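Notes for the one structure printed next.
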Amino acid sequence: MYPAAFDYAKPATVAEAVSLLSANPDAKILNGGHSLLPAMKLRLAQPAMLVDIGGISELKQVSVNGGATIGAAATYDDLLKHDGLKAHTALYEAMSKVGDVQVRNRGTVGGSAAHADPAADIPAALIALGAELVAVGPNGTRTIAADDFFVDILTTALEPDEVLTEIRIPASGASSAYEKFAHPASGYAVCGVAVALERDGEGTVTNARIAVTGSVYKATRCSAAEAAITGTKATAADIEAAAAVAADGLELAGDHYASAEYRGHLTKVLTKRALTRAAG
Amino acid sequence: MAHKVSMTVNGVTRESEVEPRTLLVHHIREGLGLTGTHIGCDTSQCGACTIIMNGKAVKSCTVLAVQADGADIMTIEGLAKDGQLHPIQEGFWEEHGLQCGFCTPGMIMSAYDLLQRNASPSEAEIRHAIDGNLCRCTGYQHIVKSIQWAANKMASAPAGDD
Amino acid sequence: MAVTKLFGASIKRREDPRLMTGRANFTDDVRLPGMTSMAVLRSPHAHAKIVSIDTSAAKAMPGVVAVYTGADLIDDLAPVPCAWLVPNANLVIPEYRAVATDRVRFVGDAVAVVVAEDRYLAQDAADKIEVEYDVLPAVVDQEAATQDGAPQLYDNVPNNIAFHWELGGGDIDAAFADADVTISKRIVNQRLIPNPMETRGAVAAYNPGSGELTLWVTTQNPHVHRLLIALTTSTPESQVRIIAGDVGGGFGCKIPTYAGEMIACAIAKRLGRPVRWQEDRRENFVTTTHGRDHITQLEVAAKNDGTVTGIRVKTYASMGAHLSTAGPGVPTWLYALMLPGPYTIKNFHADVYGVLTNNTATDAYRGAGRPEATYLLERAMDLVARELKMDPVAVRSKNLVPAGEFPYTSAAGLLYDSGNYQGALAKALEVIDYAGFRAEQAKAREEGRLLGIGFSTYVEVCGLAPSAAAGAMGFQGGLWESAIVRFHPTGKVTVFTGTNSHGQGHKTTFAQVVADELGVPFEDVDIVHGDTQMVPMGMGTYGSRSLAVGGAAIVSASRMVVEKARTIAAHLMEVGVDDVTFDSGTFYVTGAPDKVKTIQEVALASYLAWNMPEGVTPGLEATYFYDPSNNVYPFGTHVCVVEVDKDTGQVAFKRYVAIDDVGYVVNPMIVDGQVHGGITQGLAQAVYESAVYDEAGQLLTGSLMDYAIPKAAMLPWFEVDRTETPSPTNVMGIKGAGETGTIASTPAVANAILDALAPYGVDHIDMPLTPQKIWRLIHEQKG
Ligand SMILES: Cc1cc2nc3c(=O)[nH]c(=O)nc-3n(C[C@H](O)[C@H](O)[C@H](O)COP(=O)(O)OP(=O)(O)OC[C@H]3O[C@@H](n4cnc5c(N)ncnc54)[C@H](O)[C@@H]3O)c2cc1C
Ligand code: FES
Ligand code: FES
């Protein structure tokens, strides 16, 4: 409950933030603080410096125009007030299922992505929606596909001196959904499945993206299920068949509350439920 | 290294020097002497520390005092005005929404956030809205009734906003 | 007793405005000049030898006032005491030091203490203490701990058995020999962590001039703390003052006297500066006592008609790494005495091993022993029903003590004061529409849906008494309660009670009772508790005793006050005492209605003392110590309806009906609140909560991220109602309501889930019945 001491800086621009990070290798960005501060309170994290990006107004911008561009410091609560984001249902549902009201009032989609907690909801939604993440570092700006962004437990493709500035959701016309089995204590995902389906005029699935979180060490695509549903009309039987292979090829995590086997099973159940809603 | 912060707390501007690591809840309780905001956990789970910051319920144990520089803050001490209980407080009193009272300040702050957004929440909406506040005494049923009571009262007497 | 104005009224609680406006005074709210903050360095190992401790770097940190190790404090503190010396059990109390000296025996055992100018600095310094450990093998399974070759916690406790105790009634062997059917099941009652929302804390202040030691502490029983702090810190009891301010929940875990407050006291005495300590939640998880944790072999003997003739248990109870204040009493007396339950079971036998293990000590947790017994018994009723293909309600009905047989002596020798068990059951069946439910269930099963109903017809014992029984059970204290009722010259009344509210609303309920007794306005009655300097003696609040024992003491003291006032009134009105009637606060002369004196007038006259009757002393107050002749026995029926999701194993609560009989009720709203909270904790044991340790003795559920105390959306709406059978034990006819919900609900919920799973042929799963366990079972039956 008592973080170790650190220095604090509150830059006004992204460029300033980047130079602070470059100059202080043990510095960390402070965004909504709802992953970082809990770790610091337990002294599990002891950064030498916090670079608070809460004063950089451009990082809070959100624009929706078919696709969506979400500033990395926009809170869940701000985003949930954007009706336009409801079209990106998997993300909208994932955000509405994050933690509790107080967490959503402070926590950010950008922070969740950058933190890459294996039980977080947001990464699965970003992968399913084919999001792109924009990072600014000393060498300029680069764009990273969500598929490549989540590298391992609490590890992303970001460099220590890069700032995640925005998240772009493409305008794909996909119909999507997010299903979650929450841990009764933490509220995080024991298993979460996000699906996005693109279909042609006949109702045939032309592109399917299915991503799982919670059951796995990092948010991961369920490629077997994607392959199984693609090219079908997503009937109940098609969905059943796709769900049955949803856990195939996944490296499943397990603990005393939910074993790997059980999480694998939940992956199938939630895939079925999410596909059913997305197809419905 | 101490940082100067200034925040409006229950309508009064308070200026202080804080270490960057000082949690807002510690600043409120130790620095400002407002002990109505409680600490019930160290993992940001219990909601006992909930306050209203810039109009929204936040867990003050998961905000640094330096992050609250310039913020408008309401703690439980600031809810009743001129000795008049707020309808939410009245509701908790009428419907026995508290036993030991430890969770109560935070619970009331979350109810405040809810009723700002949704003037007539259903039972399920209320239960969902207090997801971030643990109560070990009441089993929540009387808390749900307290919030319903407050919603009714506020609907029938739409006076000042807070 | 006549039901008067306030008895029975749902008066709003007078403690609420303070608590709701941020003006409460919890221990951590206390601020004293010169106050220091204490942090405790705790063992990360469940079992280890301390090889060395280096505090030099910590001592050199800025803001550090002092750093102490166990060796530094050895002369300041006696070992942490155990106060329930269960007789005839070969009880050994191993020595447990507030700060370990040579060996640690659980994760969280104190190793060193830092006192600093603020809590952050104390933590910084604690992080700089270097401890070298020689890690030893640990044992957390209490059954395994008794086996030869298991790691030994103490040299003087062979096989880690702190006590071995037996209790029986009737002829258990004959019951099994004559049984038509017998059932044998291994049943685990898992370890729970009480988690009051306020963790434990203490502020200790020592005045070197007067020698007074004042301790603000979160306790359910300040006077017990006064005694044990006096004894362990070598301070005269008369110089120790305990103040319990507001207490943020207790549920049993704030009964014991702990190392934490002892250390704060010892250091305050050394430094002459106040010491403040408040547990972090993660400290609370490992240092505040846990509850339950039994492994039991249950055996049941029954006849073909459903009559249960015998219950036999062999129980391994984990006591944790040392014996807590009341620890040994919980899995012995408080458990075994209730094994016959509300049934006419004639024969029972309990064989209990109290075992030391490398984890947190256990002690009372809401219900303390009685939930463990009730769970076994109510599971037993369902198991018998399954075995005999009878309806579980029919089996219960068959065995319940009939209404006409009270007072009833149970097979354990308890005298059940009053009851109408069938009445509560009948009411519950009606509310739930039992026949209708079974029809719905049959239909649901055809559709492949899993609906289930579970019952718990319970009786519990509370308001424990008399003190002589405490003596016989080895409890090192009395079971009386004290009350002082004092009129002030202005007619206001102060009542001092030795019970101590930690959420129960004593200041409201007790004032209702006193206002009725004295005929004074409710507003004029002030209730004082929680400060040993104001309340001379007391035993505290636990075991649902506050109103049944403490309240009854207050009634008796009130009546003594009225009698004294009557004498004075008669004198003032110049009539004989026998001619004076007291009604609603006024003394009347029989037959002369114009001659009246209000009790307030008499109070003033008693303090002016200008004109007192011969031999009557001035003043108007009375002290009464009440030692009840018997316990009280609340009872009732709880019914739970659930639906299990076949795909995930998740349980949805459909309905929860509780019909309780707690005797007469002073404040129904407050009693409803107690019942809701109680049900929640019991239900949580059935499906959510469990302290899980790994083999090395690490608590895997050591935070609120892992240990699932229920949130609002995880609970059903409770449909609560009552029957009212007064207790003849006390003047008010009341029983107790603090623990009924917890005792009753656990088996009702477990039985409901197992009923839902009946199509799979499963008759028992150990708690908590998590989705994973349920799914696995469904999955295995299918596959
Ligand atoms: C009680 C509680 C319950 C929760 N429940 C859930 C849940 O159910 N599901 C869920 O998904 N999450 C949950 N969370 C986590 C929550 O969503 C966090 O808000 C989120 O994971 C992190 O976002 P943040 O803005 O708070 O980031 P911070 O905590 O500020 O930062 C997290 C990490 O990311 C880095 N970082 C942040 N922003 C950037 C950036 N722009 N560029 C580079 N690095 C950056 C930081 O340096 C830090 O290492 C919960 C949190 C709490 C406290
Ligand atoms: S203290 Fe528990 S959430 Fe803040
Ligand atoms: S009233 Fe005690 S924790 Fe809520």
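The values are calculated or read from the model by the stated rules, or taken from the named source; none is laboratory data. Note that the coordinates shown come from a computational prediction; the quantities given were computed from them, not determined experimentally. In this analysis, Cβ positions are derived from the backbone assuming ideal geometry, glycine residues included, and neighbour counts consider all displayed protein chains. What goes into the accessible areas is simple: the full protein's heavy atoms, side chains included, and nothing from ligands, DNA or RNA. Shrake-Rupley method; radii C 1.70, N 1.55, O 1.52, S 1.80 Å.
Against the conditions (1) within 14 Å of chain A (Cβ to nearest Cβ); (2) part of a helix (DSSP H, G or I); (3) within 27 Å of C:Asp28 (Cα to Cα), B:Gly132 satisfies every one except (2).
Strands (runs of 3 or more DSSP E) fully within the range C:243-326 that include at least 2 residues being within 30 Å of C:Gly170 (Cα to Cα): C:291-302, C:308-320.
Residue count for the range A:7-27, restricted to those that are within 13 Å of chain B (Cβ to nearest Cβ) and under 26 Å from the mean Cα position of the chain (by Cα): 2.
Would you say B:Ser110 is within 16 Å of ligand 2 (Cβ to nearest atom) and among the hydroxyl-bearing types (Ser, Thr, Tyr)?
On the way: within 16 Å of ligand 2 (Cβ to nearest atom): yes; among the hydroxyl-bearing types (Ser, Thr, Tyr): yes.
Judged against the criteria, B:Ser110 is a match.
Can A:Met1 be described as touching a residue at least 12 places away in the same chain (Cβ under 8 Å), within 14 Å of another protein chain (Cβ to nearest Cβ) and under 23 Å from C:Arg282 (Cβ atoms)? So A:Met1 passes the test.
Taking the condition of being within 19 Å of C:Glu372 (Cα to Cα) and either open to solvent by 30 Å² or more (accessible area, probe 1.4 Å) or at the interface with another protein chain (Cβ under 9 Å from one of its Cβ atoms) (or both), how many residues in the range C:671-688 meet it?
Restricting attention to the range C:671-688, the residues satisfying the condition of being within 19 Å of C:Glu372 (Cα to Cα) are C:675, C:677-688.
Filter once more, keeping what is either open to solvent by 30 Å² or more (accessible area, probe 1.4 Å) or at the interface with another protein chain (Cβ under 9 Å from one of its Cβ atoms) (or both): C:675, C:677-681, C:683, C:687-688.
Of the residues in that region, 9 qualify.
Pairs linking a residue in the range C:486-507 that is away from chain B (no Cβ under 14 Å) and open to solvent by less than 10 Å² (accessible area, probe 1.4 Å) to a residue that is within 15 Å of ligand 3 (Cβ to nearest atom) and assigned to a loop (DSSP other than H, G, I, E, B), with Cβ atoms under 8 Å and 6 or more positions apart or on different chains, are C:Thr499/C:Thr541. Would you be able to say whether some residue in the range C:195-208 is of a type in the set (Val, Ile, Thr), surrounded by 24 or more Cβ atoms within 10 Å (Cβ to Cβ) and touching a residue at least 60 places away in the same chain (Cβ under 8 Å)? Within the range C:195-208, one or more residues are of a type in the set (Val, Ile, Thr), surrounded by 24 or more Cβ atoms within 10 Å (Cβ to Cβ) and touching a residue at least 60 places away in the same chain (Cβ under 8 Å). For the range A:91-129, the set of residues classified as farther than 21 Å from A:Leu164 by Cα and either in a loop (DSSP other than H, G, I, E, B) or of a type outside the set (Asp, Glu) (or both) consists of A:Ser96, A:Lys97, A:Gly99, A:Asp100, A:Val101, A:Gln102, listed by residue number. Take the residues of the range B:54-78 that are open to solvent by 10 Å² or more (accessible area, probe 1.4 Å) and in contact with a Lys or Arg (Cβ under 9 Å, 6 or more places away or on another chain): which is farthest from ligand 2 (Cβ to nearest atom)? So, considering only residues that are open to solvent by 10 Å² or more (accessible area, probe 1.4 Å) and in contact with a Lys or Arg (Cβ under 9 Å, 6 or more places away or on another chain), the one farthest from ligand 2 (Cβ to nearest atom) is B:Asp69. Here B:Thr43 qualifies as away from ligand 3 (no atom under 16 Å from the Cβ) and either closer than 21 Å to A:Leu36 by Cβ or of a type in the set (Val, Ile, Thr) (or both).
Matching residues to (1) without any contact (Cβ under 8 Å) to a residue 24 or more places away in the chain; (2) closer than 28 Å to C:Arg386 by Cβ; (3) aromatic (Phe, Trp, Tyr):
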residue: C:Thr701; (1), (2), (3): no, no, no
residue: C:Ile709; (1), (2), (3): no, no, no
residue: C:Ala712; (1), (2), (3): yes, no, no
residue: C:Asn730; (1), (2), (3): no, no, no
residue: C:Gly738; (1), (2), (3): no, no, no
residue: C:Thr742; (1), (2), (3): no, yes, no
residue: C:Met767; (1), (2), (3): no, yes, no
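Candidates are the residues of the range B:75-89 that are farther than 17 Å from B:Thr138 by Cα, more than 7 Å from chain C (Cβ to nearest Cβ) and assigned to a helix (DSSP H, G or I); the one that is nearest to ligand 1 (Cβ to nearest atom) is B:Gly78. When A:Leu80, A:Leu37, A:Leu50, A:Leu30 are checked against the criterion of being within 12 Å of chain B (Cβ to nearest Cβ), under 26 Å from B:Ala57 (Cβ atoms), surrounded by fewer than 16 Cβ atoms within 10 Å (Cβ to Cβ) and in contact with a helix residue (DSSP H, G or I) (Cβ under 9 Å, 6 or more places away or on another chain), A:Leu80 stands alone in meeting it.
Restricted to the range A:159-202, and to residues that are within 14 Å of another protein chain (Cβ to nearest Cβ) and out of contact with any strand residue (DSSP E or B) (no Cβ under 8 Å at 6 or more places or on another chain), which residue is surrounded by the fewest Cβ atoms within 10 Å (Cβ to Cβ)?
Of the range A:159-202, the ones within 14 Å of another protein chain (Cβ to nearest Cβ) are A:179-193.
Okay, now just the ones that are also out of contact with any strand residue (DSSP E or B) (no Cβ under 8 Å at 6 or more places or on another chain), so A:184-187.
On the way: A:Pro184: 22, A:Ala185: 21, A:Ser186: 19, A:Gly187: 21.
That would be A:Ser186.
Name the single residue, out of those in the range B:90-103 being more than 7 Å from chain C (Cβ to nearest Cβ) and either at pLDDT below 95 or in a helix (DSSP H, G or I) (or both), that is most open to solvent (accessible area, probe 1.4 Å). Checked the range B:90-103; the qualifying residue most open to solvent (accessible area, probe 1.4 Å) is B:Glu90.
The single condition from (1) in contact (Cβ under 8 Å) with a residue 40 or more places away in the chain; (2) over 30 Å from C:Phe475 (Cα atoms) that C:Val589 fails is (1).
Scanning the range C:151-175 for residues that are open to solvent by 30 Å² or more (accessible area, probe 1.4 Å) and either hydrophobic (A, V, I, L, M, F, W, C) or at positive phi (or both) turns up C:Asn159, C:Ile161, C:Leu167, C:Gly170, C:Ala174. Every listed requirement among (1) within 16 Å of ligand 2 (Cβ to nearest atom); (2) away from chain A (no Cβ under 11 Å); (3) on the phi > 0 side of the Ramachandran plot is met by B:Ser44 save one, (2). Screening the candidates C:Leu215, C:Leu167 for the property of being of a type in the set (A, V, I, L, M, F, W, C), more than 14 Å from every other protein chain (Cβ to nearest Cβ) and closer than 30 Å to B:Gln45 by Cβ yields one hit, C:Leu215.
Sort out which residues of the range B:104-123 are part of a helix (DSSP H, G or I) and either aliphatic (A, V, I, L, M) or within 16 Å of ligand 3 (Cβ to nearest atom) (or both), and write them in order of number. Break it down stepwise before answering.
First, pick out the residues of the range B:104-123 that are part of a helix (DSSP H, G or I): B:104-117, B:123.
Selection gives B:Thr104, B:Pro105, B:Gly106, B:Met107, B:Ile108, B:Met109, B:Ser110, B:Ala111, B:Leu114, B:Leu115.
Looking across the range C:728-758 at every residue that is more than 25 Å from B:Gly139 (Cα to Cα) and modelled with pLDDT of 95 or more, the one that is most open to solvent (accessible area, probe 1.4 Å) is identified as C:Ala758. Is there any pair with a first residue in the range A:101-126 that is within 16 Å of ligand 3 (Cβ to nearest atom) and a second that is open to solvent by less than 10 Å² (accessible area, probe 1.4 Å) and among the hydroxyl-bearing types (Ser, Thr, Tyr) whose Cβ atoms are under 7 Å apart and which are 6 or more apart or on different chains, and what are they? Cβ pairs passing all conditions: none. Residue pairs whose Cβ atoms lie under 7 Å apart, separated by 6 or more positions or on different chains, with the first residue in the range B:13-37 and buried (at least 21 other Cβ atoms within 10 Å of the Cβ) and the second at pLDDT below 95 and not in a helix (DSSP H, G or I), are B:Val18/B:Ala2.
What do you reckon, is C:Asp526 part of a strand (DSSP E or B), among the charged types (D, E, K, R), open to solvent by 10 Å² or more (accessible area, probe 1.4 Å) and in contact (Cβ under 8 Å) with a residue 12 or more places away in the chain?
Numbers: part of a strand (DSSP E or B): yes; among the charged types (D, E, K, R): yes; open to solvent by 10 Å² or more (accessible area, probe 1.4 Å): yes; in contact (Cβ under 8 Å) with a residue 12 or more places away in the chain: yes.
In short, yes.
Cβ-Cβ distances below 6 Å connect the following pairs, each with a first residue in the range C:98-119 that is of a type in the set (Ser, Thr, Tyr), a second residue that is open to solvent by less than 10 Å² (accessible area, probe 1.4 Å) and outside any strand (DSSP E or B), and a separation of six or more residues or different chains: C:Thr101/C:Gly70.
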